[in-house]
Amino acid sequence: MSEDVDVAAVFRTEWPRLMSVLVRETRDVALAEDLAAEAFEEAARRWATDGAPDRPGAWLLTAARRRAIDRHRRDRRFADRLPQLAVAASLAATAPDAADAPPSQTVVDDQLALLCGCCHPDLDRDTQIALTLRVVAGLTTDQIARALLVSPAAMGRRLSRARKRLQADDVTFAAIDRDLLTDRLGVVAGVVYSIFSEGHTATTPAELVRGDLCDEALWLAELLHRLVPDDPELIGLRALLLLTDARRDARLDDDGRLVTLDRQDRALWDGAKLDLGRALLADAHAFGRLGPYQLLAAIAALHVAPGDGTAGETAGGTDWATIVTLYDLLTERWPVPLHRLNRAIAVSRATGPVDGLALIDDDTELVDQLADYPYLHSTRGELLLELGRWSEAADAFGRAMTITRNEVERRHLAERLDAAAAEEGERR
C-alpha cells in the first residue's frame, strides 16, 4: 500500500477505463455511473486511513464489481450475470486488469466501444457529445452544460433521457468494427474536441487548465488517427489539439495569473508538440480534402508561427490577414457562433478595433446566442478599451465577471475592469 494518495488524480486517470469496463459488463450506463461513483467514494474514505493500493485501478474495479453483485442479488432480473461478475471481481483482486494496465488492446477496444455507444445514432448530436463527456470523461452535468451553452437543468434532463433511451433500445457496448467507427466518426471527433476544450479552459472554479482532460483528448485523437489513418479531418483534429496544447505551460505566470497569447513567453511552449502538430497538418492538407478541423489547425499554426522561442519573436508578427481568410472559409463550412466571434477578433487585429466591434454588435444573432458566454463580453471589453470607451469597457468586463465561474479568469477580468476604470478616472 502507498502512504500518500490523491484520489482526484486517480479519478482523472481511471474514470474512463473503469467506466468502459463497467458499461461493457453491466450493459447499463446509469448503473455503471453509479457503481464507478460509489467505488471512488469508498476509495476516498478507505485510502485516507489505509493508504492507496499498489494498483488503484484494479482496486476500484473490484469495489465496483462487488457493489454490482450486491445490487444484482437484490434484483432477480440480473441473476444470469452474477457468475461472470463474481469471477471478475475475484480475479481483479489478484491479477492485473485492463482498468489498471497501460493502454492495451482491451482498453482501446473498450473505450472506443464506449465512445461509439454514447454516439448512438438514435441520439441527437448535442446529446451524444454530452453523454460522452459525462460517461467517458467524467465531467459533471454543470461543466457539460457550460461547455455546450445550455442550462444545468436542461442538461440534466438531456442526460437522463439519453440513458433511458439507450437502456430501452438495449444498446450494447461491444467491440466495434471499422465500418461502425467510420459512420460515427464526425460525432466522435466532436466529442474529443469538446473534451479538449473543457480541459484547455476549464469551467471549474479553481483552475484554468485541466491537463488531465487535455491529455485524454490528445490520447483519444491519437487513437482515432491510428485507427483511421487516411481521414484528413482526424489528422487535422490531432494537429489542432497539439498546436493549441503546446502553449499550456505559458498560459499562467508564477503567481497563477492568466497570460494572454500576445504576452506569453514563447520559450515555454512545447517545441515537440508544435513540430508534430505542423507535420500532421501538412499530412492532412496533402489529401486535398479541406475540412473544419484542418482550418482550425491552420489558424492555430499561424498563431504560434514559428513558435520555437526564436530570439526577438513576438506576437506582433502574426499574419492576421491570412487568419481572417481562414476564418472566412471556416464560417462558410462551420458557421457556429464561436467561430464568428473569433473571426471578429481576427478582423480587429487585421484592420482595427472599430471593424471588429462592429462585426460583433451588428450580429444580433451572435450576441443573443452568446449572451451568457463570458468571452463575448470580455472581447467587447478589450475592443472598447482600445477605442477609449472606458465606461462601456468596464461594463463589459463586469458582465463577463458575473458569468464566469473560473477564479483565474475572474481575477484577470477584475484587473482589466480596474484598468478601464483607471483610464476613465484619468480622463475626467
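The values are calculated or read from the model by the stated rules, or taken from the named source; none is laboratory data. Small disclaimer: the values here were computed from a predicted structure and weren't measured. Counting neighbours? That spans all protein chains shown, and the Cβs are built from the backbone with ideal geometry, glycine included. For the accessible areas, the whole protein counts, side chains as well, though only heavy atoms, and no ligand, DNA or RNA atoms are used. Shrake-Rupley method; radii C 1.70, N 1.55, O 1.52, S 1.80 Å.
Being at pLDDT 95 or above, open to solvent by 20 Å² or more (accessible area, probe 1.4 Å) and among the basic types (Lys, Arg) holds for only one residue in 380, 405, and it is 380. Being modelled with pLDDT of 90 or more, surrounded by fewer than 17 Cβ atoms within 10 Å (Cβ to Cβ) and under 27 Å from the mean Cα position of the chain (by Cα) is a property that does not hold for residue 400. Being within 21 Å of the chain's Cα centre (by Cα), at pLDDT 90 or above, of a type in the set (Gly, Ala, Ser) and under 28 Å from residue 210 (Cα atoms) holds for only one residue in 250, 272, and it is 250. Does residue 276 satisfy the condition of being open to solvent by 50 Å² or more (accessible area, probe 1.4 Å), within 30 Å of residue 181 (Cα to Cα), assigned to a helix (DSSP H, G or I) and of a type outside the set (Phe, Trp, Tyr)? It is true that residue 276 is open to solvent by 50 Å² or more (accessible area, probe 1.4 Å), within 30 Å of residue 181 (Cα to Cα), assigned to a helix (DSSP H, G or I) and of a type outside the set (Phe, Trp, Tyr). Annotation: residue 294 fulfils all but one of (1) in contact (Cβ under 8 Å) with a residue 60 or more places away in the chain; (2) under 25 Å from residue 415 (Cα atoms); (3) open to solvent by less than 60 Å² (accessible area, probe 1.4 Å); the unmet one is (2). Within the stretch 234-273, the residues that satisfy the criterion of being surrounded by fewer than 22 Cβ atoms within 10 Å (Cβ to Cβ) and among the aliphatic types (A, V, I, L, M) are 250, 252, 258, 259, 261, 267, 268, 272. Given the structure, is residue 286 at pLDDT 95 or above and buried (at least 17 other Cβ atoms within 10 Å of the Cβ)? When the stated conditions are applied, residue 286 does not pass them. Cβ-Cβ distances below 6 Å connect no pair with a first residue in the stretch 228-239 that is within 16 Å of residue 191 (Cα to Cα) and of a type in the set (Phe, Trp, Tyr), a second residue that is at pLDDT 95 or above and assigned to a helix (DSSP H, G or I), and a separation of six or more residues or different chains.
Which one is modelled with the highest pLDDT, of the residues in the stretch 297-306 that are part of a loop (DSSP other than H, G, I, E, B) and surrounded by fewer than 22 Cβ atoms within 10 Å (Cβ to Cβ)?
305
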